Amino acid sequence: MPRVGTVNYHVHKAERQAFEIDAGGIVGKLVSPELATTKVPLHDTRLGEASVSFERDGIAFAGLPSSVTDFDWKGWQSIYDEELSDFLESNLGAKEVVIFDHTVREDDPNSDRKPARNVHSDYSADGAKKRLVDILGEKRARQWATGHYAFINIWRPVRNPINSAPLAFLKPASVAPDDWILIDLIYPDRRGQIFGLAANEAHQWVYQSKMTPDEIAYFNIYDNQGLPSVGHSAVDMVEDPTIHTIRTSIESRTLIRYDG
C-alpha cells in the first residue's frame, strides 16, 4: 500500500516565473514563484511497490558506503569526489567525470540550505548547455558536445537514516510534455534555468524508504542524447513519528562524458 506524501507543484502562468536565491544578498533567503501543495501516493522501491532502472527511467538506487562521514572536515571533498568518480565510471561507463558542486541540506529552520520542496529538474536544455560552458570553458565544451555527455546528481543521507522529507522521483514515462514549466533562477552573481513541473494525476512517484548514509540515489538531470530528465522533490512525509532526527543529506552534481 503506497504511503501518501505532500509535494509542491509549479503552476502554469502566462508570465515567466523565477526563483531568487540568496535574494537581496541574504544567504538562505529564497523568493519563490507560486506553488500548489498536493498530496501524492509514494511507491516504495524497497518494498517492491515500484521498480526503476537508470537505463530506462534515469533513476536508480545503490549501496555505496563512503569513507567520509563528516562533511564539515576540510579534507573530505577530494576523497568523496574520487569515490563518486569511481562509481560513475564502473556503473555507467563514464570515460570522464567532473564533479562541480556539493550541497549539504538540513531540514532545519536555521539552515541556509534546506531540502528543495518544489517539483523540478535542475536544468533546461539551454541551461545545461550554458552550464557545460561555465564548467569546462568554450573550447572543451565544444569537444564534449560532439559526443555523449550528461549531468547526473548523486544524493546521499548524512549522519542518520532518512525518516522525514525523503527525496522522491517522478517516473519519466508518467510525465506529459505539457507538465514542464521553464523557471528562471536568479542568483546574486549569475542566472540559470530549471524546469518545474505542474500537477498531473497520471504522475507516478517513487522513492526508497529509510535510506541510510551507506546508500545513494543517482538520477539523470540532462542527457544530450535523450535519456529523460527526472523530476524530483523532497516530500513532506514521516516514516516513524517516534523518531525525531533532522533530515540531512548531501547532493553532488556531476558532469560525465560517455565517449570520445
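When residue 80 is tested against (1) out of contact with any helix residue (DSSP H, G or I) (no Cβ under 7 Å at 6 or more places or on another chain); (2) surrounded by fewer than 17 Cβ atoms within 10 Å (Cβ to Cβ); (3) farther than 25 Å from residue 236 by Cα, only condition (2) is not met. Residue by residue through segment 5-33, note down the ones that are surrounded by 12 or more Cβ atoms within 10 Å (Cβ to Cβ) and β-branched (Val, Ile, Thr). Of everything in segment 5-33, those that are surrounded by 12 or more Cβ atoms within 10 Å (Cβ to Cβ) and β-branched (Val, Ile, Thr) turn out to be 6, 7, 11, 21, 31. Evaluated against (1) hydroxyl-bearing (Ser, Thr, Tyr); (2) over 26 Å from residue 151 (Cβ atoms); (3) under 18 Å from the mean Cα position of the chain (by Cα), residue 45 falls short on exactly one condition, (2).
Residues in segment 63-74 that are in contact with a helix residue (DSSP H, G or I) (Cβ under 7 Å, 6 or more places away or on another chain) and within 18 Å of residue 153 (Cβ to Cβ): 64, 66, 68. None of 217, 234 is touching a Leu at 6+ places or on another chain (Cβ under 7 Å), of a type in the set (Gly, Ala, Ser) and farther than 27 Å from residue 23 by Cβ except 217.
Residues in segment 48-65 that are buried (at least 18 other Cβ atoms within 10 Å of the Cβ) and within 18 Å of the chain's Cα centre (by Cα) were compared, and the one that is farthest from residue 214 (Cα to Cα) is 57. Please work out if residue 41 is under 22 Å from residue 176 (Cα atoms), touching a residue at least 24 places away in the same chain (Cβ under 8 Å) and assigned to a strand (DSSP E or B). In short, yes. The residues in segment 187-204 that are modelled with pLDDT of 90 or more and either out of contact with any helix residue (DSSP H, G or I) (no Cβ under 6 Å at 6 or more places or on another chain) or aliphatic (A, V, I, L, M) (or both) can be counted, and the count is 7. The residue of segment 204-260 that is nearest to residue 153 (Cα to Cα), among those that are of a type in the set (A, V, I, L, M, F, W, C) and surrounded by fewer than 20 Cβ atoms within 10 Å (Cβ to Cβ), is 227.
The values are calculated or read from the model by the stated rules, or taken from the named source; none is laboratory data. Note that the coordinates shown come from a computational prediction; the quantities given were computed from them, not determined experimentally. Positions of Cβ are backbone-derived with ideal geometry, glycine not excepted, and every protein chain shown enters the neighbour counts.
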